Amino acid sequence: MTKTKIANSSDISASGVTKVSAGGKSLIVSQKDGKYCAIVNKCPHLGLPLAKGKVANGVITCPFHGSKFDLCSGKNTGWVDSVMGMSAPGWATKIISAGKPPTDVESFSVSPEGEELFADV
Ligand code: FES
């Protein structure tokens, strides 16, 4: 991993997430109470992008099948439970999950240096 500038703090959405590219990876960066966080923009379920998911209370919900991830730690807080925002019954979510177990997403600690944000990517 290499310390890499990922964005300027003024680029980061105050209420949602901001998609950036750094170190050959697509990341989503968020901020809460002056703290910046970054996770990979790739859902571990099927590898689809998370960036357009809903954000609430520091958690992003995958727009495809509803898995939830903490925006700072990347910890999975909910696994497949819907299809494109429509809830699915338990028996269907087992099929949709394709046998994949709940998995966290890679997270990166973000270091502000003045206006610039850095992470070991
Ligand atoms: S691609 Fe994210 S939950 Fe399926």
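The residues on offer are 67, 9, 30, and the sole one that is among the polar types (S, T, N, Q), open to solvent by less than 30 Å² (accessible area, probe 1.4 Å) and within 13 Å of the ligand (Cβ to nearest atom) is 67. If you take the residues of the stretch 70-88 that are within 9 Å of the ligand (Cβ to nearest atom) and open to solvent by less than 20 Å² (accessible area, probe 1.4 Å), which of them is nearest to residue 103 (Cα to Cα)? If we take residues in the stretch 70-88 being within 9 Å of the ligand (Cβ to nearest atom) and open to solvent by less than 20 Å² (accessible area, probe 1.4 Å), then 80 is nearest to residue 103 (Cα to Cα). Restricting 121, 105 to those that are at pLDDT below 95 and open to solvent by less than 60 Å² (accessible area, probe 1.4 Å) reduces the list to 121. Taking residue 60 as the residue in question, decide whether it is open to solvent by less than 30 Å² (accessible area, probe 1.4 Å), among the β-branched types (Val, Ile, Thr) and within 13 Å of the ligand (Cβ to nearest atom). It is true that residue 60 is open to solvent by less than 30 Å² (accessible area, probe 1.4 Å), among the β-branched types (Val, Ile, Thr) and within 13 Å of the ligand (Cβ to nearest atom). Taking each residue of the stretch 40-53 that is more than 16 Å from residue 99 (Cβ to Cβ) and looking for partners that are of a type in the set (A, V, I, L, M, F, W, C) and within 6 Å of the ligand (Cβ to nearest atom) with beta-carbon atoms closer than 8 Å, six or more apart or interchain, yields 42/48; 48/62; 48/64; 49/43; 50/43; 50/62; 53/62.
The values are calculated or read from the model by the stated rules, or taken from the named source; none is laboratory data. Just so it is clear, the model here is predicted, and its values are computed rather than measured. Glycine also receives a Cβ, built like all others from the backbone with ideal geometry; neighbour counts cover every protein chain displayed. Ligands, DNA and RNA are excluded from the accessible area calculation, which covers all protein heavy atoms including side chains. Shrake-Rupley method; radii C 1.70, N 1.55, O 1.52, S 1.80 Å.
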